[in-house]
Amino acid sequence: MPAATLEALRTDPNHPVAVSLHTHGVKYTQQSDGTLHSNSYVAPGQSRTYVWFAKPRNPATGSQGTAGYWWYHDHLVGGPHGTKGIASGLFGALIVRRQGDPRPDRTYVTAFGDRQTINLRRSSEADTCDEQNPVPGPTCLVARLGERVEFVAIGLGDDMHTFHLHGHSWADSRTGVVDGTNRALVDSVPVIDNKTLGPGDTFGVTVLAGDSVGPGHWMLHCHMQFHSDLGMSTMFHVLNPDGTMPPHPAAAPTGAKAASTGTGANAAPAPAAGHANHHS
Amino acid sequence: MPAATLEALRTDPNHPVAVSLHTHGVKYTQQSDGTLHSNSYVAPGQSRTYVWFAKPRNPATGSQGTAGYWWYHDHLVGGPHGTKGIASGLFGALIVRRQGDPRPDRTYVTAFGDRQTINLRRSSEADTCDEQNPVPGPTCLVARLGERVEFVAIGLGDDMHTFHLHGHSWADSRTGVVDGTNRALVDSVPVIDNKTLGPGDTFGVTVLAGDSVGPGHWMLHCHMQFHSDLGMSTMFHVLNPDGTMPPHPAAAPTGAKAASTGTGANAAPAPAAGHANHHS
Amino acid sequence: MPAATLEALRTDPNHPVAVSLHTHGVKYTQQSDGTLHSNSYVAPGQSRTYVWFAKPRNPATGSQGTAGYWWYHDHLVGGPHGTKGIASGLFGALIVRRQGDPRPDRTYVTAFGDRQTINLRRSSEADTCDEQNPVPGPTCLVARLGERVEFVAIGLGDDMHTFHLHGHSWADSRTGVVDGTNRALVDSVPVIDNKTLGPGDTFGVTVLAGDSVGPGHWMLHCHMQFHSDLGMSTMFHVLNPDGTMPPHPAAAPTGAKAASTGTGANAAPAPAAGHANHHS
């Protein structure tokens, strides 16, 4: 199994400070640790090849392997822990899969950081989508109904956060899904829609876009109230299967009794029980 | 499977601001999201029916179903995240069970919030029990020895907390219990008595009141020391099977050697090993 | 099964305040709760025997047993939650194993506390090793390549932390390992190298020293950046199998292309795939 990712880091000759590349989860010797004490950094104008190993689980030794949702980051700028490098954006996500893992149709990275930022942005800068004609990108999270969408959540900086997504939930497992028919196993894994994320933590989940909830604009935000109020919030835009976006529901009616028109439309096969029973 | 809960929210005509009902974990369309941008809120004097769906797990699609310990809350008062609504008490717990889940004899909700509050109260207001004759209620957590008691923990507001219960522990699983005889599964799930809880997080555990520890007054508190010191602490009062409460143990004796009189009385069947071996 | 640990606490007659011993995870009656309200504390000059029970899991009742990574601490000094006692060091780790649990070659306790301390120390005081000739101890974490090393992480005080170890990862399970050949179970448990730790939380992991990464000085630190920057960081020193420590890698070369010399040396049996494939 070859290394999952190889990065060649070459610094700008005019960059005034040394930088490094430290990764989580995969394997590497001291030469690729990306730390000051191990001399595994890159001086201004130099380059360095970091070598990472992806390894399968080895039950004989107890080695757990390297599959997971990880991140890599500078460990040198601003001090021996790379605090300024990370705050400046010198980081990224790294995904190592096991054979058989679900393959997503789309992957989005959401790094929860200081100053109430998602991917170093907040408020309208965190969601730059044209709502009716969204173009997928780091600040425009979009999918068609039923697509398999993978979110990688990264915690960085000084603060705790919680990752919350409206309308969607996932198993609190390695991938967000629990396979198999073992009832005891399936029943042991919580299903959640909100997860605490500390600096350095990473996790990934795979959801079906709009599953059981339909298309629309689904908030993705930190549930620390002062964080979301200050702009730590974006949207997951779920399109119709044909790529169009339905309009926002009409404003709340002024009648005394507003009939719900929710249909529970589901991209997945409909449950055996009829929908009609749900509307009362 | 019908919706787990249906709520009809009718605002006081004199209530000056719009409110909403946003829920976690179960399914709903944009019309029942309870957010500003989806127009799914309730203007003053109006009413609205929110429709939620409980769904079973669907292994074919990877949909994880909606069973879980959830909460619902306003998402509008004080801004688009409902910060003031939540702080004012516009929230509650929602439990969706799977078939076969343990059914508790009693359920208590403990919402850990800002200003070191449990259920928006602290210190003596969080535990209003008459210790010798407690009447169960939101601020009087009480059970008889051996009863199956379910705690739902909710994190809300701006702060992190940890949920700690004296004398009791639980499996860190979907329900607090791990069923089955699969040794590898059972051995993979941690047993804990303290769990970190961020805003928006919810979890539930089922314990046997006084199991292996007997009746008495068992602290339930946030283990952040300045939180518990400021009153984020209540009691779980466990009665004798006949409903009486034993008196507090005598004050610490002044002799040089205080013999323990602990008996490890257990509401459950006694373990095979004799108790006598434990007393030395 | 006898109690895992028995502690006889005798206070210094000149100690001016009462103290107590409260433990997590194992079982005890109100007489051994170590709290003020239960009179289970120790007045100055007195002694008290606290009795704890270790219990196996009881599937018939849902009792989860007491195996786990726990801590004990004072619950009286500085108020009814022992805040000053804990801050002064009146705490320790308690491990209760199940039959068949991995037995480590070495165990190290890392308590993450206030003022950015690990085991109440920070910066150079947290790692007092002679790097080339380290003597294992509470402030010198060292092992030979391939040894099974158990870390017990304890959160205490007022702050959140994250436990991060360079070069090593573990299954987020009860012991850090997932046994068995059940693919669905193995695939449900995340592998992580960074874990959030709140006050009162404890967990333990077992890793193989230097597995797949080789000997050297591997950072162990809180990943909250301002915590690590202020000294909440130590080292896990992994020696060669013969007990020697290789020198630090040479400083980053000044040539335009630094060839990596990483070898992925592994104390465990080499994977079937040859190493050569990894070096490109």
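The values are calculated or read from the model by the stated rules, or taken from the named source; none is laboratory data. All figures in this text were calculated on a predicted structure; none of them were measured in a lab. Glycine also receives a Cβ, built like all others from the backbone with ideal geometry; neighbour counts cover every protein chain displayed. Just so you know, the surface numbers come from the protein's heavy atoms only, side chains and all, with ligands and any DNA or RNA stripped out. Shrake-Rupley method; radii C 1.70, N 1.55, O 1.52, S 1.80 Å.
Annotations for the structure displayed:
- Kirkwood-type radius of segment B:108-221, with distances r between different C-alpha atoms, in Å: 15.0
- For B:E147, the residues whose amide H sits under 5 Å from its own are B:A209, ignoring neighbours fewer than 5 places away on the same chain, with H placed 1.01 Å from N.
- Estimated FRET transfer efficiency when R0 is 51 angstrom, pair C:H15-A:D158 (beta carbons, to 0.05): 0.85
- Computed extension gain for B:A184 through B:N240, at 0.36 nm per residue and net of the alpha carbon distance, reaches 16.5 nm.
- Karplus-derived HN-Hα couplings along segment B:104-111 (A = 6.51, B = -1.76, C = 1.60, θ = phi - 60°), whole Hz, x at Gly and Pro: x, 7, 9, 10, 10, 9, 10, 9
- Chain A: relative contact order as a whole-number percent, Cα under 8 Å and 6+ apart: 15
- Overall, the anisotropy analysis places segment A:45-200 in the oblate class: the square-rooted eigenvalues a ≥ b ≥ c of its C-alpha gyration tensor yield a/c not less than 1.5, with a/b not exceeding b/c.
- Overall size of segment B:152-198 from C-alpha positions, given as principal axis extents largest first: 40, 20, 15 Å.
- Segment B:176-222 shape via C-alpha gyration tensor axes, a/c threshold 1.5: oblate
- Amide H contacts for B:F236 (H built 1.01 Å from N in the peptide plane; partners 5 or more residues away or on another chain; cut-off under 5 Å): B:W218, B:M219, B:L220.
- By the equivalent-ellipsoid construction on the alpha carbon gyration tensor, segment C:36-127 comes out with semi-axes of 27, 23, 12 Å, ordered largest to smallest.
- Descending semi-axes in Å of chain A, equivalent ellipsoid built from Cα gyration tensor: 38, 24, 16
- Around B:D105: net Lys/Arg minus Asp/Glu count, Cβ-Cβ under 9 Å: +2
- Pairs with C-alpha atoms separated by more than 30 Å, drawn from the list A:K195/B:K27; A:K84/C:K84; A:K84/B:K27; C:K27/C:K84, are A:K84/C:K84; A:K84/B:K27.
- In terms of accessible area, using a 1.4 Å probe and ignoring ligands and nucleic acids, B:L90, C:L94, B:L208 rank largest first as B:L90, B:L208, C:L94.
- For chain A, modelled as a GNM whose springs connect Cα atoms under 10 angstrom apart, the maximal fluctuation among A:H168, A:H248, A:H22 occurs at A:H248.
- At 7 Å out from Cα toward Cβ: C:P44 inter-copy label distances (nm, ascending): 6.2, 6.2
- Positive contributions from Lys and Arg (+1) and negative ones from Asp and Glu (-1), summed over other residues with Cβ under 15 Å from the Cβ of B:G78, come out at -3.
- The amide H of A:V109, built 1.01 Å from its N in the peptide plane, has A:V152 as neighbours under 5 Å, considering only residues 5 or more places off or on other chains.
- For segment C:83-157, convex hull volume per residue from C-alpha positions, Å³: 98
- Largest mean-square fluctuation among B:A143, B:A184, B:A93, in a Gaussian network model of chain B whose springs join Cα atoms under 10 Å apart, belongs to B:A184.
- Inter-part distance where segment C:156-173 and segment A:17-93 are each reduced to a Cα centre, Å: 17
- Per-residue Karplus couplings for segment A:24-31, computed as 6.51 cos²θ - 1.76 cosθ + 1.60 with θ equal to phi - 60°, are listed in order as 9, x, 7, 9, 5, 8, 4, 5 Hz, Gly and Pro entered as x.
- Inter-copy separations for A:P16, label at 7 Å along Cα-Cβ, nm, ascending: 5.3, 5.3
- Per-copy distances of the C:T107 label point, shortest first, in nm (7 angstrom along Cα→Cβ): 3.9, 3.9
- Scaled against the 2.2 N^0.38 Å expected of a compact globular protein of N residues, the Cα radius of gyration of segment A:189-252 reads 1.36.
- Positive-end extreme of charge dipole, segment B:73-120 - chosen from B:H81, B:T110, B:I95 (charges on Cβ): B:I95
- Applied to segment C:37-49, the Karplus parametrisation 6.51 cos²θ - 1.76 cosθ + 1.60 on θ = phi - 60° returns per-residue 3J(HN,Hα) values of 5, 9, 6, 9, 10, 10, 6, x, x, 9, 9, 7, 9 Hz, with x for Gly and Pro.
- Tensor-based shape of segment C:55-99 (alpha-carbon gyration tensor, a/c under 1.5 rounded, otherwise prolate or oblate): oblate
- Unit Cα scatterers, Debye sum, the protein assembly as shown: log10 I(q)/I(0) for q = 0.04, 0.06, 0.08 Å⁻¹: -0.17, -0.39, -0.70
- Normalising the average separation of contacting C-alpha pairs (under 8 angstrom, six or more residues apart) by the number of residues puts the relative contact order of segment C:35-119 at 20 percent.
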